[in-house]
Structure formats: C-alpha cells, structure tokens
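J.: One structure, as structure tokens, below. Some questions next.
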Amino acid sequence: MAAVPVLDEKRFAYLKPSDFTRLADAYRFSEAAHAGQKRQSGEPYVSHPLAVAEILAGWRLDGQTLMAAFLHDVMEDASVTKTEISDTFGRPVAELVDGVSKLDKIEFQSAEDAQAGNFRKMLLAMARDVRVILIKLADRLHNMRTLGAVPPAKRRRIARETMEIYAPIANRLGLNALYHELEELAFSHLHPLRYSVLAKATKAARGNRREVISKTEVAMRSKLVDSGIGAAVTGREKHLYSTYKKMVEKQLSFSEVHDIYGFRVVVNTVPDCYLALGALHALYKPIPGKFKDYIAIPKANGYQSLHTALIDPYGLPVEVQIRTEHMHHVAESGVASHWMYKDEEESLSDLQKQAHLWLQSLLEIQNQSGDSAEFLEHVKVDLFPDEVYVFTPKGRIMSLPRGATAVDFAYAVHTDIGNRCVAAKVNGELVPLRGELRNGDRVEIITASHAKPNPAWLQYVRTGKARANIRHFLKTMQYEESASLGERLLEQALKALGTGLAGIDDASWERVVRDSVSRSRQEMLADIGLGKQLPAVIARRLLRHADSARDEAKATGSVTIRGTEGMAVQLASCCRPIPGDQIVGSIKKGQGLVVHATDCAQIERSRRIEPEQWIDVEWDPGTTRLFLAAIKVTVANQRGVLAKVASEIADAGANIDSISMDDDRSLYTTMAFVLEVANRRHLARVMRSLRRLPDVKKIARVRE
Ligand code: MN
C-alpha cells in the first residue's frame, strides 16, 4: 500500500505561519476522514485533495480556499457535516466546501450546445463565491491529469464534460493556462488516436524547422536589444487541440496549419509593447490584416496583448504576441489573480470587491467595443446571478428569472401544462406551487385534465409568459361563463313574454346588437350575464316591444343555477346559501349574478326599493359541488374537545374550510366553523350528529 503523502511546506511558503498551521490541521482532518479510502489508481484518497490544494497554491490563493480544497470531498465521500466543518474551521470554509459539494451533485446530461451553455451558467450561478468555482476547476484539473486510471466509459464522459463545460468556464474567467491544459487533456481522452498522431507530427515538424526557428528568435532578440527595449522572447508551443480545431473547421491539412509558429515577447511597460511592435515590423514585413490591438480593446475575459504576424526570411509566417508582465499574469490566471494571497491584512470582502470590480471593468470595456451583448449577458448572469437554472424531469435545463415558482416553470414548459397544473415535485418531493425554485432543482409538474388556472397565482408568478397566460385564461373563462349565464337569463325573460330564444331571428339580433354598445351577439349575452344589460330590456327590444322593462320583474319562471358557473355567479358571503335554501338573485353592473338566501337580512331593503334588480333563481337539482356553510358550536371548555368536534364533522362527510375560536377561558367556549357541505339536508345531518356529543351545549347555523 502506498504511503500517505505528507504536506510539502515549501509549496505553501507564501502563507503566514499561523495560516499554515490551520492548513496543516485541515490536512490532518481530511486524512482522518478519508482514512482507508483509495483512488482508482490505488493511491490513498487524501493524495487527491492534497494535489487540488497544491494547484490552488500555485495560483497563490488564500488560506480559506486551500483549507476548503483539503476538505472538498469530505461531505460527499466521508459524510462529514457542514456544521462539523463550520465548528472546526469556521463558517467561510464550510460555505466553500458546501458550495463545491453542491456542484458535484449535479450532472451534465444533454449533448446539445445550448444546454451546455445553460449548464455552465447554472454552475456559475450556483457558486455564489468565485472561489468555489476555482476549487472545482482545480479539482477537475487533477481528476483530468489522473484520468488514465478510470474505466473507459466514465473517462469519456468526464472528458466530454470537461471539454464542454469546465474548459469554457476557465476561458471565461481568464484562466488561460488552465483552459488550455483542460482542453488538451480532454482532447487526448476523447480522441486518443488523433491526439497521438498530431503529437508525433508536431514533434517532427518542430525538429525539421528547429534551425530556422532559432535563427528567427536570435534575430528578434538582437533587434529588441538594439532598440533599447528590455524584453524576454520565448518560443510558443502550439496547443494540439487548437491545431486540430483549425484543421477541422477550415478543412486544412496538418502542414497547412503548422506552417505557422509563434513567439511571445514580454516587456516592462505598455509603451514598450508598441515600441517592440515597431521594432519587429522593421525587422520583418508584417502580414497585412493580422495586427490586433488587444491592449486598447481587451478580449471579453480581460486578456490584453498585441498580436501580429510577420514573414520571416524563409517566407514562413511567424505569429508574435507582445505583452507586459502584468498582462501575462492576467492572461495566465485571470480571475484567480484577484484572490492572490497578500501578506498585509486584507479582508476577504475587499478581495471579493476587487474581483467584482474586475468583472465590472470587463463589462465596461465590452460595452465600448460593441460585440458585447453575448458576453454582457454571461457575466451578468453568471456572477451576479439574477436567474435560476432548473432541470426538467428529462434533464433539460430551463432558465427562469430569480424568484420564479413552479407555476412559472409549468408555463415555460408549455402553456397547457401551466393551465392544467395542480401540484409540483421538486427533487422528488411535493412542494407548494408558490415555492421559489433554486438553482439545480429538478422540477416535475403534476397536471389534471379538469384543472384551471387559479387567480391567486397572479400574486406570485414572476414570468411575463405565466402572467399573460393566466390573465388570458381567466378572461376567456369569465367571458364564456358570463355569456352562458346571459343566455339563460335572456331565455327566461323571453319566456315571460311568451316566446324563447328559438323564436328570435337573426335580423332581430343584428338590429338589437347594432343599436347597443355590444359588438356581437356573444358579447351582448356576456354583458347580460355580467349585469351590464338587463335581460328583460333586451328581450323586449328583440321582440320590438317598447314598454318599460320594469314590468318584467314581475315575470314568472326562474333561472336555474348549479353553483359551478364560476365567476359569473357568486354566492353571497353574507348568508352563504346552499342547495335547499330558498334563493333570489340580484344583477349588478360588473358583478354578474349574486345569489342570496331569500331571508337574508342584507337584501331586505334593496328588494323593496329596487325590485327590477331582482330575479327568481332556483337550484339545479343535479348539482354535485360542495358549498360553504357557517355554523357556531358552543362547547364545554375541555381538553380535546376541538378534536372530538372536528372528527365528528369529518365522520358526517363534511370538510372543514376554516375554524376560529374565541379565547374565552370560562366554562364554555364558542367555535365558529365554515364547512363544505352538499346541501341543506347534509348540513342538518352534520348538526344533528354534533348535537349528540355530550360536550356540545348549543349549535346553530350562522347567516348574517
Ligand atoms: Mn474531488
């Protein structure tokens, strides 16, 4: 068995001694937590977190990040809790470890390009702290470096994920060296044969041209020295994957691509960059159209350099990058350069601020250089998240605005799903529809064919699509219900005049509609249903009667209601009529038909002085819905009495809609229930069985 590796103090020499001590504690903790676990290569598991921490130390990151690197797998693989980490190493370290563990839990499934983009955004949005991403990237880098030990199928999956997700993120964050290493490693595992052929060919080509290249390098160096510019000139390795990409994209042969070789010139100051450019253009002819000034206009990820291409004395193109030391550093380590460990006490919130400022400045630069919409959207969404990314049951990723609910998700999937949704499952558990979705949630919508949008949804949906669809549905529904009620009201009014709707011809309809504010027959019926038009008046117009409509109030016959008409028919909340009660209806502007109990005290006056507003209505004997009725129960104030009453109600087949109790601590207490019952007989049965309870002293239906 391989020995457990030791912590190499030299690699962490830039840390303060006190930070190093805490780091050593974290290492021991990790070692103990992973004791006995092995990597696929057979090494002790702790060699992995150690390597990850060393990569991060290479980027000179702060102590918290390094501690979190040691601990990054203990939650997943050794079931250590977040609280335990927080108690031992502090909350910030625990948050970092938790952040990395959350990222580990979500798996990229779809091969579509657009999905890869969304997945990257989701990862970045989930990592509130940029350091979580840096740890995750270091973790991935070490896993890629040791991928050879992993079984082939898993190897390919991880390599593909690296190519599509993690390498682009490294690029986005300006971590250039990491970006290229991830790409090269992923390429070598995805296409091992192509990789080795290209590697051999590149090596051979380099050998053939070695003499030419070194002559050019010497000539460039002495030209820069002669011009008085202090500069380091290095030959630049072409990345195999970028060569491969160029061959595929531009359909070129290897020799066509590899005729180009490159140098990097690193100087001290920005003016020196331009001086060096001038000197090299004087040495060899530049290729027109190849010069790019990324100093004046940096790339999206903050990269700065001058790029040019020259023709050497042998007629071969030479690519040159010119940059300062600082630009070189940013090019290599991007956003990580802002987390670099500094000796002086600099609080982490300052560092965070700096990193954000850097990103902000990237935004501004992009604003000026046009071509920014895409980048702007990314950085804004990624690192200042105002969107959430969630999975459908099939693994598709949907992007929604922050605060979006399951209802928004349902409408985003499909309007029909939204209109018929009744419940939602998030990560396998039932949740209320109003619950806020979080990044990485897997959301499943449960629909029912009879379900309809609920007006209450409008209070919490966030997307315009959901809002517009709910409004549209409610409006249409209301309109249809109103029209159907209007038709029944009109039929009744016509019957009172000795005819019916069937007896009205189209010409009469057209004439009446034309002379009214309604735009169509259907709209006129809806207006009647909504109480904007009186049915008796319209009936008379249809029959060309000119008499006052008032007489119609005396008409016999009545309208039948089922109580399922929706918004067009309302049951008055003052008297809460239920089937079996004598009822009467009032038509008010914009309210539709409001149904009261005949003996309701609230309506007495109105029925006397505005009789034309009132019409006879009766219950449809076939109605099956449940109706709300209020009762008051006075009981002996004893333990458990509420439970007894409630279970008696349930046993009688009624639902409890709401309960309220007075706070009375005396001998008796009064409970007010709103129940759902089928009709008057059902309510009577419920009340009878309650009365049988010894604790119940008084019981009455409430109608006021
Ligand atoms: Mn790991």
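J.: Which ³J(HN,Hα) values in Hz, rounded to whole numbers, follow from the phi angles of the stretch 88-95 under the Karplus curve 6.51 cos²θ - 1.76 cosθ + 1.60, where θ = phi - 60° and Gly and Pro get x?
T.: 8, 10, x, 5, x, 5, 4, 4
J.: Near G585, within a Cβ-to-Cβ distance under 12 Å, what is the net charge of the other residues, with Lys and Arg +1 and Asp and Glu -1?
T.: Working: positive: R488, K588, R607; negative: E565, D616, E618.
My count for the surroundings of G585 gives 0.
J.: Continuing with this model, one more query. Could you let me know the centre-to-centre spacing of the stretch 229-278 and the stretch 1-26, using Cα atoms, in angstrom?
T.: Rounded to whole Å, the Cα centres lie 38 Å apart.
J.: Using the basic label-point model (7 angstrom from Cα toward the beta carbon), what is the V4 to V517 distance in nanometres?
T.: 8.5 nm
J.: Any idea what the dipole of the chain comes to, in debye rounded to 20, about its Cα centre with Lys/Arg Cβ at +1 and Asp/Glu Cβ at -1?
T.: In debye, rounded to 20, the chain gives about 1300.
J.: A further question follows. What are the lysines whose alpha-carbon lies under 25 Å from the alpha-carbon of K102, with same-chain residues fewer than 8 places away excluded?
T.: Cα-Cα hits under 25 Å: K38, K82, K121, K136, K154, K353, K380, K394, K425.
J.: Ignoring ligands, DNA and RNA, please state the percent of accessible area on the stretch 627-702 from carbon and sulfur, probe 1.4 Å.
T.: 50 percent
J.: Any idea how far apart R681 and I446 come out in nm if each label point goes 7 Å out from Cα toward Cβ?
T.: 3.4 nm
J.: Now a separate question. Within the stretch 690-704, what residues put their amide N at less than 14 Å from the label point 7 Å along the Cα-to-Cβ vector of Q638?
T.: 692-698
J.: Okay, next question. Which ³J(HN,Hα) values in Hz, rounded to whole numbers, follow from the phi angles of the stretch 413-422 under the Karplus curve 6.51 cos²θ - 1.76 cosθ + 1.60, where θ = phi - 60° and Gly and Pro get x?
T.: Residue by residue, the stretch 413-422 yields 5, 6, 4, 5, 5, x, 5, 10, 6, 10 Hz.
J.: When averaged across all projection directions, what area in nm² does the alpha-carbon convex hull of the stretch 627-702 cover? Show your work: numbers first, answer last.
T.: Values: hull surface 17.4 nm².
The directionally averaged projection comes out at 4.4 nm².
J.: So, one more: Give the calculated FRET efficiency between A672 and E76 to the nearest 0.05, with a Förster radius of 56 Å applied to their Cβ-Cβ distance.
T.: 0.60
J.: Taking a virtual spin label 7 Å from the Cα of T269 along the C-beta vector, which residues in the stretch 228-243 bring their backbone nitrogen under 14 Å of it?
T.: The answer is 228-231, whose backbone nitrogens lie closer than 14 Å to the label point.
J.: Where the Cα atoms of the stretch 9-192 are projected onto their three principal axes, how long is each span, largest first, in whole Å?
T.: Cα spread of the stretch 9-192 along its principal axes, largest to smallest: 46, 34, 30 Å.
J.: Where does the stretch 575-704 land on Rg/Rh, using Cα atoms and the Kirkwood Rh?
T.: Here the Rg-to-Rh quotient is 1.05.
J.: Considering the zone a paramagnetic label at L693 would reach in this model (a point 7 Å from Cα along the Cα-to-Cβ line), which residues of the stretch 588-631 have amide N under 15 Å from it?
T.: Inside the label zone: 631.
J.: Here is a further query. Dividing the Cα convex hull volume of the chain by residue count, how many Å³ per residue is that?
T.: Enclosed volume per residue, from the Cα hull, is 278 Å³.
J.: Ignoring ligands, DNA and RNA, what accessible area per residue does the stretch 199-344 give at 1.4 Å, in Å²?
T.: 51 Å²
J.: Further question: Relative to the first principal axis of the alpha-carbon coordinates of the chain, what is the inclination of helix 47-58, with its axis defined by its Cα atoms, in degrees from 0 to 90 and to the nearest 10?
T.: 70 degrees
J.: Could you give the length gained on full extension between R60 and A204, defined as 0.36 nm per residue of separation minus the Cα-Cα distance, in nm?
T.: Here the answer is 48.2 nm.
J.: Another question, if that's okay. For A24 and S255, what is the calculated FRET efficiency with R₀ set at 41 Å and r taken between the beta-carbons, to the nearest 0.05?
T.: 0.15
J.: Just the number please: accessible area per residue for the stretch 643-684, 1.4 Å probe, all protein chains included, in Å².
T.: With the other protein chains kept in place, the stretch 643-684 gives 57 Å² per residue.
J.: Please turn the phi angles of the stretch 303-317 into ³J(HN,Hα) values with the Karplus equation 6.51 cos²θ - 1.76 cosθ + 1.60 (θ = phi - 60°), one per residue in order, whole Hz, x for glycine and proline.
T.: 4, 10, 4, 9, 10, 8, 10, 10, 9, 7, x, 8, x, 9, x
J.: Looking at T216, S188, L683, which one has the Cα that reaches farthest to the positive end of the dipole of the chain (charges on Cβ: Lys, Arg +1; Asp, Glu -1)?
T.: The residue sitting most towards the positive pole is L683.
J.: How far apart, in nm, are the 7 Å Cα→Cβ label points at K105 and L458?
T.: Calculated label separation equals 3.7 nm.
J.: Cβ neighbours within 10 Å, averaged per peptide: list 205-213, 21-29, 579-587 in order, most packed at the top.
T.: So the peptides 205-213, 21-29, 579-587, ranked by packing, come out 579-587, 21-29, 205-213.
J.: I would also like to ask the following. Could you work out how far helix 680-691 tilts from the main Cα principal axis of the chain, as a 0 to 90 degree angle to the nearest 10?
T.: Roughly 80 degrees, rounded to the nearest 10.
J.: If I take R0 = 41 Å and measure r between the Cβ atoms of K245 and K425 in this structure, what FRET efficiency does the formula 1/(1 + (r/R0)^6) give, to the nearest 0.05?
T.: On the way: r = 42 Å, r/R0 = 1.02.
Efficiency, from the Cβ-Cβ distance: 0.45.
The values are calculated or read from the model by the stated rules, or taken from the named source; none is laboratory data. All of these numbers come straight from a predicted model, not from anything done at the bench. No Cβ is skipped: glycine too gets one built from the backbone with ideal geometry, and neighbour counts run over all protein chains shown. For accessibility, only protein heavy atoms count, side chains too; no ligands or nucleic acids. Shrake-Rupley method; radii C 1.70, N 1.55, O 1.52, S 1.80 Å.
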